[in-house]
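The values are calculated or read from the model by the stated rules, or taken from the named source; none is laboratory data. This one's a predicted model, so the numbers in the text were calculated from it and none came from an experiment. No Cβ is skipped: glycine too gets one built from the backbone with ideal geometry, and neighbour counts run over all protein chains shown. Ligands, DNA and RNA are excluded from the accessible area calculation, which covers all protein heavy atoms including side chains. Shrake-Rupley method; radii C 1.70, N 1.55, O 1.52, S 1.80 Å.
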Amino acid sequence: MRIALISDVHANIVALEAVVAAAGSVDAFWHTGDIVGYGPEPDAVVERLAGLGAIGVRGNHDAAAVGSETVEYFNVDARRAIEWTAGVISGATRAWLAGLPETRVEDDLTLVHGSPRAPIWEYITTTALARAGFDALSTRNGIFGHTHIPLAYRLVGGTVQAVAPRDGSVLRLDDAPVLLNPGSVGQPRDGDPDASFAILDIDAGVVTWRRVPYDVAATQAAMRAVSLPPRLVERIAHGR
Ligand code: ZN
């Protein structure tokens, strides 16, 4: 079974289509939230993911877009984007987002947006926070997003090791528990604007990270057309 792992699509349909094409033949799409927010096409992204039968969890932007989390912790641009999103999404999009759970368990994997102990808001940015994440997991492995940076943490003999994958990097799943971040589809923040995702081959026990270019200018034009904040338009060209 081959599964495409995606996160932080952020209403960027052009990036999502590039990822779907690059993923090729897969058995499932699993996501770790922030389907909407920042980007210009929330309905198109949700419709596409629903059509693919994607399963996953809610992110802080998804929760804010449907009014189940406050926008008080958002910076001014993120807040403007989420208020725009909340005002334009269809009833079907709203219902799909509202139906996403905070945590989802698939076999020996837990899916969360932020972290296993605080699924909506906590960023796993250090090995100490990853360690706390491992302690809170009820499964061997976890998949997370929220930081928009592709990364893997491995728990080896009580010590957490961080691995920064590149396009084509492969991680073999062995006895060491892992916390995996596939990176962001729609707004990468590791200095590389290409859409990031990963392929999990469950039978082979292997995760492969991928980067795929997409038409950034097309997404920027769509963002300008609906007057999303200029800083958000600019940043996706730089992967920041
Ligand atoms: Zn996000």
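Report ³J(HN,Hα) in whole Hz for each residue of region 71-81, in order, from the Karplus equation J = 6.51 cos²θ - 1.76 cosθ + 1.60 where θ = phi - 60°; Gly and Pro get x.
8, 4, 8, 7, 6, 4, 5, 4, 5, 4, 5
Restricting to Cα pairs below 8 Å that are 6+ residues apart, what does the relative contact order work out to for region 121-231? Please round to a whole percent.
Numbers: 177 pairs, mean separation 25.8, N = 111.
Relative contact order for region 121-231 comes out at 23 percent.
Leaving out ligands, DNA and RNA, and with a 1.4 Å probe, what % of the accessible surface on region 78-170 is carbon or sulfur? Can you show the working numbers first?
On the way: 2160 of 4240 Å².
Heavy-atom surface of region 78-170 belonging to carbon and sulfur, 1.4 Å probe: 51 percent.
Which translational diffusion coefficient, to the nearest whole µm²/s, is obtained for the chain from the Stokes-Einstein equation, given a Kirkwood hydrodynamic radius over C-alpha pairs, 4 °C and 1.567 mPa s? Working shown, then result.
Working: Rh = 17.4 Å.
For the chosen part, D equals 74 µm²/s.
With the chain treated as a Gaussian network of Cα nodes joined by springs under 10 Å, which of ALA86, ALA65, ALA221 yields the largest mean-square fluctuation?
ALA221
Let's see if you can work this out: charge +1 on each Lys and Arg Cβ, -1 on each Asp and Glu Cβ, no other charges. What is the dipole magnitude of the chain about its Cα centre, in debye to the nearest 20? It would help to have the intermediate numbers written out before the result.
On the way: 20 positive and 28 negative charges, 84 e Å.
Here the chain has a charge dipole of around 400 debye.
Given the options ILE13, ALA44, ALA23, identify the residue whose Cα lies farthest towards the positive end of the charge dipole of region 1-91 (+1 on Cβ of Lys, Arg; -1 on Cβ of Asp, Glu).
With unit charges placed on the Cβ atoms, the residue in question is ALA23.
For region 172-215 and region 124-170, what is the separation of their Cα centres, given in Å?
Each part's Cα centre sits 12 Å from the other's.
Given all pairs of different Cα atoms, what value in angstroms does the Kirkwood hydrodynamic radius of region 159-237 take? If you can, show how the numbers build up before the last one.
Values: mean 1/r = 0.0695 Å⁻¹.
Computed over region 159-237, the radius equals 14.4 Å.
Pairs of Cα atoms under 8 Å, at least six residues apart: use those to get the relative contact order of the chain, whole percent. Mind dumping the intermediate values first?
Working: 570 pairs, mean separation 56.5, N = 240.
With pairs under 8 Å counted, the relative contact order is 24 percent.
Hey, can you find the accessible area per residue of region 1-134 for me, probe 1.4 Å, expressed in square angstrom? Walk me through the intermediate numbers first.
On the way: 4950 Å² over 134 residues.
Per residue, region 1-134 has 37 Å² of solvent-accessible surface.
When the chain is modelled as a GNM with alpha-carbon springs shorter than 10 Å, which of ASP135, ASP34, ASP167 fluctuates the most?
ASP135
What list of whole percents do you get for P(r) of region 44-121, with Cα-Cα distances grouped in 10 Å bins up to the one holding the largest distance?
With a bin width of 10 Å, the distribution comes to 18, 47, 30, 4.
Mind checking which of ASN75, LEU171, GLY33 is farthest towards the positive end of the chain's charge dipole, using Cβ charges of +1 (Lys, Arg) and -1 (Asp, Glu) about the Cα centre?
Checked the options; the winner is ASN75.
If Lys and Arg each add +1 and Asp and Glu each add -1, what is the summed charge of the other residues whose beta carbon sits under 13 Å from the beta carbon of ARG231?
Taking every other residue near ARG231 into account, the sum is +3.
Which residue fluctuates most in the GNM of the chain (Cα springs below 10 Å): PHE134, PHE144, PHE74?
PHE74
Of ALA86, ILE124, PRO101, which is farthest along the charge dipole of region 52-138 in the positive direction, counting Lys and Arg as +1 and Asp and Glu as -1 at C-beta?
Of the listed residues, the answer is ALA86.
With +1 on the Cβ of every Lys and Arg and -1 on the Cβ of every Asp and Glu, and nothing else charged, how large is the dipole of region 186-240 about its Cα centre, in debye rounded to the nearest 20?
On the way: 7 positive and 7 negative charges, 73 e Å.
For region 186-240, the charge dipole is close to 360 debye.
Based on Cβ point charges of +1 for Lys and Arg and -1 for Asp and Glu, what charge dipole magnitude is obtained for region 1-62 about its Cα centre, in debye rounded to the nearest 20? Numbers along the way, then the final one.
Numbers: 3 positive and 8 negative charges, 39 e Å.
Value, rounded to 20: 180 debye.
Relative to the first principal axis of the alpha-carbon coordinates of the chain, what is the inclination of helix 127-136, with its axis defined by its Cα atoms, in degrees from 0 to 90 and to the nearest 10?
Taking the Cα atoms of the chain, the angle to 127-136 is about 80 degrees.
Between helix 13-23 and the chain, what is the angle of the helix's C-alpha long axis to the longest principal axis, kept within 0 to 90° and rounded to the nearest 10?
In the chain, helix 13-23 runs at an angle near 30 degrees to the longest axis.
Within region 46-152, which GluC sites (Glu not before Pro) sit in a loop by DSSP and count at most 11 neighbouring Cβ atoms inside 10 Å? Walk me through the intermediate numbers first.
Details: sites: GLU47, GLU69, GLU72, GLU83, GLU102, GLU106, GLU122; in loops: GLU69, GLU72, GLU102, GLU122.
Sites meeting the loop and neighbour criteria: GLU72.
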